[in-house]
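One structure is given here, and the rest of the page talks about it.
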Amino acid sequence: MFDSHVGVLLEQAVSLVNTLTDGEAHGRPYIAPRGAALPAAVDAAVSRTAASLPREINDAQAEYLVGAATRMREVFRAVQDDRLDDAAATVNALLRDTGARPRLDRGEDEPWQVHFHGAGDSFAAGSSASCATALALAVGGGLAGRLGVCRAERCDRVYVDTSRNGTRQFCSTACQNRTKAAAFRARKEAG
C-alpha cells in the first residue's frame, strides 16, 4: 500500500491536522493550542523519524504549520465527501506553495533517501512539503480512499486507513466503541 516513508509522512499529516486544527475530538469540542503552547504542540506532532530538517520551531514556523494543517484538513474532508477534484486542487496548491520537490539525500553513514523538500528549507516549509507530497501520492496513486474523517458523532479528527481490508471509519478505538455503544442503546430503547 504505502511505503514506510510515505506512511510516516501521512501519519505526520494526520498528527498535524488533529493537533493544530479546531473542531471536535472524541465527542468533545477541541481547541487547538495557540500562543506560547503552539511550538511545543508542533514539536510533539511531527515525527522525529520523518523530519530531516533542523528542528528549530519558532512562533512563525508554528503558525505556518497551522495554515498548512488547515489546508491538509481540506484534503481529508474532500476525499471523505467524494470530491476528488477538490482534494487534488488543494494538494496541488499545497505542493506549489510549500515548494515541494523530490531529491535524494543521506546523512552520515545513512542510505540514500528520497526527501520532498529542499536542503535549505525551514522546518515548517520542509515538513509541509513532505506531507503535501505524501497526500499527493495517496490521492494520485489510487489510495485516496485510505484518507478519512472520523464518522463518529461529534468527532472530526482525521486518519489514514492502513488496515488490510480498508474499512476503517473512525479515528480511534474510543470513537468506534462510543458509536457502537450509542447504537446498542438506541436499539435497546427501540426494542
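Each reported figure results from applying straightforward, stated rules to the coordinates on display, with no laboratory input. Being a predicted model, the structure only gives us computed values, none of them experimental. Every residue, glycine as well, gets a Cβ built from its backbone with ideal geometry; the counts of neighbours run over all protein chains shown.
Among the residues of region 1-40 satisfying the criterion of being aliphatic (A, V, I, L, M) and surrounded by fewer than 20 Cβ atoms within 10 Å (Cβ to Cβ), which is farthest from ALA132 (Cα to Cα)? Out of the qualifying residues, it is ALA36. Do you know which of the residues in region 18-41 that are touching a residue at least 40 places away in the same chain (Cβ under 8 Å) and within 16 Å of the chain's Cα centre (by Cα) is nearest to ALA174 (Cα to Cα)? Across region 18-41, the extreme among qualifying residues is ALA25. Of all the criteria given as (1) under 12 Å from the mean Cα position of the chain (by Cα); (2) assigned to a helix (DSSP H, G or I), the one not satisfied by SER47 is (2). Within region 145-158, residues that are on the phi > 0 side of the Ramachandran plot sit with their Cβ atoms under 7 Å from residues that are surrounded by fewer than 22 Cβ atoms within 10 Å (Cβ to Cβ), at 6+ positions apart or across chains, in these pairs: ARG154/GLU24; ARG154/GLY27. Every condition in (1) β-branched (Val, Ile, Thr); (2) more than 22 Å from MET1 (Cβ to Cβ); (3) not in a helix (DSSP H, G or I) is met by THR162 except one, and the failing one is (2).
Restricting region 159-191 to residues that are buried (at least 20 other Cβ atoms within 10 Å of the Cβ), within 16 Å of GLU24 (Cα to Cα) and in contact (Cβ under 8 Å) with a residue 40 or more places away in the chain, the residue that is nearest to the chain's Cα centre (by Cα) is TYR159. Only residues that are in a strand (DSSP E or B), without any contact (Cβ under 8 Å) to a residue 40 or more places away in the chain and among the aliphatic types (A, V, I, L, M): list them for region 80-135, please. Passing the criteria: only LEU104.
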